[in-house]
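Notes for the one structure printed next.
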Amino acid sequence: MTEPSRNRPVRSFVATTVVAAVLLVAAACSSDDPVDFKDGDRSDSVDGTLGRDFAEATLQPEKPLAAAQLTAAAAIVRKRASSGGLPVKSVRVRDDTLVVRVSSTKFGADTKQRLAAIVGTGQLTVRSVSSVTPLLPTDAGPGSGTTPTGGSECADPSVSRADSAGSEVVACDDKLKEKYVLAPAVITGADVAGAEAKAPEATGLGWTVMVKWTNKGQNAFTQLTSEAAGGRLPTNRIAIVCDGRVLVAASVQSAIPGEAMISGTYTEADARLLAGTIDGGVLPTGFRIASYTEGQLGAGIEGGSSRPGPTVTG
């Protein structure tokens, strides 16, 4: 992989995010404050302040995987969960599936949805926006069992979709607010050198997400943002797409010759989830949640395994 770019200025681009459709003006971040991605566990103690309520999810791969692939997938899921702020205790290989133990105290009923959001294949692309169609508030939402008026592209956003980098695609955001026609990708996940959520005191804004690129990715991103900055809505926007769903559709104020700062109305949890998704790596196949059980530590949630496998723990 090409070495990541260094010592380049950081500029911002403003996001229409999965949590807000309001565009905010963001100040530039000084290049004297470099952002280095730290690949560590950012989750809190699951046995301390978060209480002892747990959920156990069995993740079923969309296609059969060899033992080595399952072990590698367990490590990627663990990293994504950690980066996204999900307090995971362990990810185990069990009978050709992955079994994830996570505290449900922090996110409550949203724990399952947040877990589902990180177990897609992770095919990441960055594309320019060709057109945008607002969706009606009456469109069917995830899990409704009906197809929204936006079409099949706006069905359940937790389902992975094909995202061919060399082709134009049609995709929707998680909240089903907009449907996008997107140009062929110029950047893929291989061009990402790191991503990290930054607290408000670090940027002077709310929670933001900083993205670093490889040298190849930086050149492509600078060119992409230069072209977008010269347009008008919606062609002055670029989209970050994962498994066929739009994570961010951001307006660009000027060419960005360095790291990207994505700003919006993010909470800490949302910023960490976005950063973890962008820098989560690619799974050998997507996973679905085959079972999800809630309980308390020591109250029978452990379950049995006739054929336990490797464990990735915190």
All positions within segment 239-276 that are surrounded by fewer than 24 Cβ atoms within 10 Å (Cβ to Cβ) and of a type in the set (Ser, Thr, Tyr): Ser251, Ser254, Thr265, Thr267
Number of positions in segment 78-97 that are farther than 20 Å from Gly108 by Cβ, surrounded by fewer than 24 Cβ atoms within 10 Å (Cβ to Cβ) and touching a residue at least 60 places away in the same chain (Cβ under 8 Å): 8
Qualifying residue in segment 98-108 (condition: in a helix (DSSP H, G or I) and within 26 Å of Thr225 (Cβ to Cβ)): no
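Computed from the coordinates by the stated procedures, all read-outs in this text should not be read as laboratory data. Please read these numbers as outputs of a predicted model, since none were measured by experiment. Heads up, the Cβs are rebuilt from the backbone with ideal geometry, glycines too, and the neighbour counts pull from every protein chain shown.
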